[in-house]
Amino acid sequence: MKYYSTNGQAPLASLEKAVVRGLAEDRGLYMPERIPVLPEEFYRNIQTMTFQEIACTVADALFGEDIPAPELHRIVEETLSFDCPVVPVTRSIGALELFHGPTLAFKDVGARFMARLLRHFTQHSDDARTIHVLVATSGDTGSAVANGFLGVEGVHVHVLYPKGKVSPIQECQFTTLGRNITALEVDGCFDDCQALVKSAFMDAELTARLRLTSANSINVARLLPQSFYYFHGYAQMKRFGLGGQLVVCVPSGNFGNLCAALFARRMGLPVKRFIAANNANDVFFEYLQTGEYKPRPSIPTLANAMDVGDPSNAARIFELYGHDWKALTADISGRVCSDDQIVSVIRQCREKYGYLLDPHGACGFYAVYHHLHPGERALLCETAHPAKFKDTVERATGTPVDIPTRLSAFMQGTKQSVPMGKDYKEFKEYLSTLQ
Ligand SMILES: *Cc1c(COP(=O)(O)O)cnc(C)c1O
């Protein structure tokens, strides 16, 4: 399979090149040249298959030309060492719990898959240099990527995070690991971290000397494996007898997860329509209403993993629909949930249905609850464990939230980070010591 750039000015790339580069030469995003459709028989029997079996079938279709099957299946099996169950919430809404991975957020699957794919490529490449992964984070991406890449030979991860602006648990998740993970504590905000990473990628002298890549959802190796969720979610809804007229609702920030769901449907997954849930950062919602896409700086909300003012995967979604707003809005609608609504939705869902949402899932629940048509069923992505957003959830319900031992275990380690100014000069000095 070859990958092309959404900007159309870069040569076609192999999977290896697309993954190792992250972004195309023309700064566009890589897209698979074709989207394979899975046979009807697969969908007929999907409810009898395990998550790993389903994911192996999907991975064969997407990556089978580029990775030998036994190795690809090993990568999938190592990635999916946990389940993503559907929990019925109301009679028509099932929550697809994507948060049972090591850092309790859905990004674990993409991060783990990408780490293992890079390991495969470094083992089979003539280039013996270390691959340096730069990742700017406001919290969840850093923890998933750091834990996904921990101990992977040939790869070193550098996590840039804003000093004092991530939660203590999140900070521990990427500052206590050591080994091939270095945390850089930037004296600035998330946008400053992102700007430092961008400057490094644009620095021709640096990129000629070092192998640099990014582990944000611009990377196809992080994006595409997220489609596994939707096949598995569908299989479980089918088992409940709720497979028909399926609506998929995705709480969205950079829109990687929704994009993966759209890929799944292009591969033949029977989804009727999609709902993109936003917090107060409503650039995509506004596009759905007006046809105009106007990025702007993000604003902080309670669902902070969705605080994105210029979603990086919007370009891929426009590309999937040939930049046809009418076609896109026929498939995707949107809703916006304010901070006040997040708090009241968490409380009401708990009281009425006994299900505890996190602030991101709450945006999704709000988006889908009143907007199902007769006969429709919804698969709602619950993207993080409520304990990760303990303060908000406890304020909403008035009840203490238990911290899973997996999460509290991170609090035991010793924090280690490199202090860094927000000026590129200092970051460049740091990078120039690497090889
Ligand atoms: C990253 C994240 C999101 C947003 O996902 P995108 O793929 O960027 O749209 C939503 N919820 C949580 C908890 C996240 O960590």
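The values are calculated or read from the model by the stated rules, or taken from the named source; none is laboratory data. Because the structure is predicted, anything quoted here is derived from the model rather than measured. Methodologically, a virtual Cβ is constructed for each residue, glycine included, from the backbone with ideal geometry; neighbour enumeration extends over all protein chains shown. Please note that ligands, DNA and RNA were not included when accessible areas were found on the heavy atoms of the full protein model with its side chains. Shrake-Rupley method; radii C 1.70, N 1.55, O 1.52, S 1.80 Å.
Here are some notes:
- A simple count of charges around A105, restricted to other residues whose Cβ falls under 10 Å of its Cβ and scoring Lys, Arg +1 and Asp, Glu -1, yields -1.
- Gyration tensor verdict on the range 276-419 (Cα atoms; rounded if a/c is under 1.5, prolate if a/b is larger than b/c, oblate otherwise): oblate
- Neighbour cut-off at most 12 other Cβ (10 Å), DSSP loop, GluC sites (Glu not before Pro), the range 147-206: E153
- Within the range 152-199, trypsin sites (Lys or Arg not before Pro) in DSSP loop having at most 14 other beta-carbon neighbours inside 10 Å: R179
- Carbon + sulfur, % of accessible area of the chain - ligands and nucleic acids excluded, 1.4 Å: 50 percent
- Accessible area expressed per residue, the range 315-435, with surrounding protein chains retained (probe 1.4 Å, Å²): 51 Å²
- Based on C-alpha pairs under 8 angstrom that are at least 6 apart in sequence, the range 39-138 has a relative contact order of 17 percent.
- Cleavage-rule hits (GluC sites (Glu not before Pro)) in the range 8-85: DSSP loop, at most 15 neighbouring Cβ within 10 angstrom: E25, E33, E65
- Remark: the chain carries a charge dipole of roughly 520 debye about the Cα centre, counting +1 on each Lys and Arg Cβ and -1 on each Asp and Glu Cβ.
- Accessible-area order (highest first, 1.4 angstrom probe) of the listed residues H373, H385: H373, H385
- Looking at the range 44-141, the accessible area is 35 square angstrom per residue; that uses a 1.4 Å probe and ignores ligands, DNA and RNA.
- Out-of-range pairs (alpha-carbon distance over 24 Å; input K352/K388; K107/K163; K272/K352; K390/K422): K272/K352; K390/K422
- The range 132-274, relative contact order in percent, only Cα pairs under 8 angstrom and at least six apart counted: 21 percent
- Direction-averaged projected area, Cα convex hull, the chain: 19.5 nm², rounded to one decimal.
- Using the 1.4 Å probe convention, the accessible area of the range 154-217 works out to 38 Å² per residue with neighbouring protein chains retained.
- The range 59-97 versus the range 2-42: alpha-carbon centroid distance in Å: 21 Å
- Overall form of the range 37-161 per C-alpha gyration tensor (a/c, 1.5; a/b vs b/c): oblate
- H120, H370, reordered so the largest accessible area comes first (probe 1.4 Å): H370, H120
- Normalised by the number of residues in the chain, the average gap of Cα pairs under 8 Å and 6 or more apart makes the relative contact order 19 percent.
- Expected 222 nm ellipticity per residue - DSSP helices of 4 or more, -39500 (n - 2.57), all of the chain, to 500: -12500 deg cm²/dmol
- Global geometry of the range 103-192, whether rounded, prolate or oblate, following the gyration tensor of its Cα atoms and the 1.5 cut on a/c: prolate
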